[in-house]
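Taking it in order: structure first as structure tokens, then the write-up.
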Amino acid sequence: MNTQTAGLRSRVSRQSVAPKTLFILIIIVVLIFVIYFLTGLKPVTYYKPNYVYPHWKKSNLTACRGKVIYDPIIKVTNLKTYMVGSYIEHRQEVKMIRTIAIVHRSENAEYQCMLCCSGTKVSVSATLNIHSDHFGFDYGTADIICQIPEECPTPEHVAITSKSPKENGSLQYIHAFQPVRNQQKQEVFRYEFTVCISAMYDYENVLLLVQAMEMYRILGVQKVAIYKTNCSNVTQKVLDYYISQDFVELIPWSVSSYINVSRGWRKWESPGELHYFGQIAALNDCLYRYMYKSHYVALQDMDEFILPLNLNSWTELLPELERKYGQGVGFEFENNLFPIYLKDPKSEYSPDFWKKVPGQNILEYVHRLRNDPSQFNDFKVIINPRLVFETTIHGLLKSMNGAVRVNPEVARMYHIRKFKKEGTLTGNPILDPHLRDYADRLIPAVSEVLQKALKLPKV
């Protein structure tokens, strides 16, 4: 065979293979799409923990030769300390900046605040206050507090630094600055009710998420702040929808990129260096973030619903509680567990097309476990944030007048969660279908969001 004949056969072979390869690729792509649509919304992938929205990326901004970072978490150079959020404290005789932080409790660091005032740096000493609730973990929530000096009456940005000599001099420009929020004390608030949700991670309970958002709306909530580590793609679509409606503020919570976080509250059960994804730090930051934006703030989880028993909404409930207990206290609502193993499915509370969406349907849980009055029963709070200095998961650590426990026959918290079936429960479960009293408004609202956010056809 001569060279010309061999070359011709080679070209013919390549020309015949190319269409076959293209055909196979087309078949593979078609199969992928068919599998995706047949399986609905089941595939789950997660956003990276440090994912942030483009409008949060403001790293091109600088203050006093330092980068300005608008999001938590900011590591303090050469220390095991992380800035979360910085706020003007208006409730003391002396005006000061309070920085919510996560600190290594045994580090014994000495801090200073580097203030940026119209391009000029001013350094002042800072004091450290570690919150008492840390559940024995190495890291805990803290306040780093510095007084505002006369030469810098309106600091726009602050950086936390160490007093160590190696932090002085020319190295100071490398520190990251954080905006100082709550510059003005407000007495008129944009929102009546804000809900703070902390520690959203690996989240894929999409149906419950939509139901929670719509229940909050029915109860009178205007804003939900969510501290998010990561979630499924389908969850993100729902969050994007509520962000576009200006109902949700999504705050990136990347603490797990820096610290070995626990996924539980007991260190011996869930080892790590920081309690439950830094939940307490997130709640305290949310308290201050909305201190002068919202009349009331509720600190709770996504699967918890504080419901009045004889009224329709928080808008009606809170004035009644303040008339009874006064305006200077917070309000505690007793936790009542509705375990998901006690499911009561009924077709009128579960439209067929909801079954395409991953997650629990809260309307299918109407049996609550009996609380033992001789034991401590968890609770969550609705508070006037301007009365509170430090908060934790269940209750207030430091506040002006404390909190009162609301009679569970007036209002209680409905908590739908995974719960191990115990043989030692106190009595039989109680039938409590109060959540279904909201079904007439909740079902059409949830269906509308699922259609708009996930493009699901209503069948």
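See the values below:
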quantity	calculated
Residue identified as farther than 23 Å from V248 by Cα and either among the acidic types (D, E) or touching a strand residue (DSSP E or B) at 6+ places or on another chain (Cβ under 6 Å) (or both) among V329, V297	V329
Subset of the stretch 293-312 (residues that are assigned to a loop (DSSP other than H, G, I, E, B) and closer than 28 Å to C231 by Cβ)	K293, D301, M302, D303
Selection status of F333, of a type outside the set (G, A, S), outside any loop (DSSP other than H, G, I, E, B), modelled with pLDDT under 95 and open to solvent by less than 10 Å² (accessible area, probe 1.4 Å)	no
Residue satisfying all of: in the stretch 150-168; open to solvent by less than 50 Å² (accessible area, probe 1.4 Å) and not in a loop (DSSP other than H, G, I, E, B); modelled with the lowest pLDDT among these	E167
The stretch 336-370: number of residues that are out of contact with any strand residue (DSSP E or B) (no Cβ under 7 Å at 6 or more places or on another chain), buried (at least 17 other Cβ atoms within 10 Å of the Cβ) and among the polar types (S, T, N, Q)	1
All positions within the stretch 241-275 that are assigned to a helix (DSSP H, G or I), open to solvent by 60 Å² or more (accessible area, probe 1.4 Å) and in contact (Cβ under 8 Å) with a residue 24 or more places away in the chain	S257
Residue within the stretch 306-318 that is open to solvent by less than 10 Å² (accessible area, probe 1.4 Å), within 30 Å of S256 (Cα to Cα) and within 19 Å of the chain's Cα centre (by Cα) present	yes
Residue list for the stretch 97-131, filter: modelled with pLDDT of 95 or more, under 21 Å from Q184 (Cβ atoms) and either in contact with a His (Cβ under 7 Å, 6 or more places away or on another chain) or among the polar types (S, T, N, Q) (or both)	T99
Among residues of the stretch 194-232, those that are part of a strand (DSSP E or B), of a type in the set (A, V, I, L, M, F, W, C) and over 10 Å from the mean Cα position of the chain (by Cα), counted	1
Any hit, the stretch 169-181, residues being open to solvent by 40 Å² or more (accessible area, probe 1.4 Å) and at pLDDT 95 or above	yes
Of all residues in the stretch 69-88 being of a type in the set (D, E, K, R) and touching a residue at least 60 places away in the same chain (Cβ under 8 Å), the one that is surrounded by the most Cβ atoms within 10 Å (Cβ to Cβ)	D71
Verdict on W253 being among the aromatic types (F, W, Y) and at pLDDT below 95	no
Residues that are surrounded by fewer than 21 Cβ atoms within 10 Å (Cβ to Cβ), of a type outside the set (A, V, I, L, M, F, W, C) and either touching a strand residue (DSSP E or B) at 6+ places or on another chain (Cβ under 9 Å) or without any contact (Cβ under 8 Å) to a residue 24 or more places away in the chain (or both), drawn from the stretch 400-414	N401, G402, R405, N407, P408
Matching option when the condition is acidic (D, E), at pLDDT below 95 and more than 24 Å from R386 (Cα to Cα), among D303, D344	D344
Residue satisfying condition, being more than 17 Å from M83 (Cβ to Cβ) and at pLDDT below 95, within set K267, K237	K267
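The values are calculated or read from the model by the stated rules, or taken from the named source; none is laboratory data. Please read these numbers as outputs of a predicted model, since none were measured by experiment. Ideal geometry is used to build each Cβ from the backbone, glycine not excepted, and the neighbour counts take in all protein chains shown. Heads up: the accessible areas ignore ligands, DNA and RNA and are worked out on the full protein's heavy atoms, side chains in. Shrake-Rupley method; radii C 1.70, N 1.55, O 1.52, S 1.80 Å.
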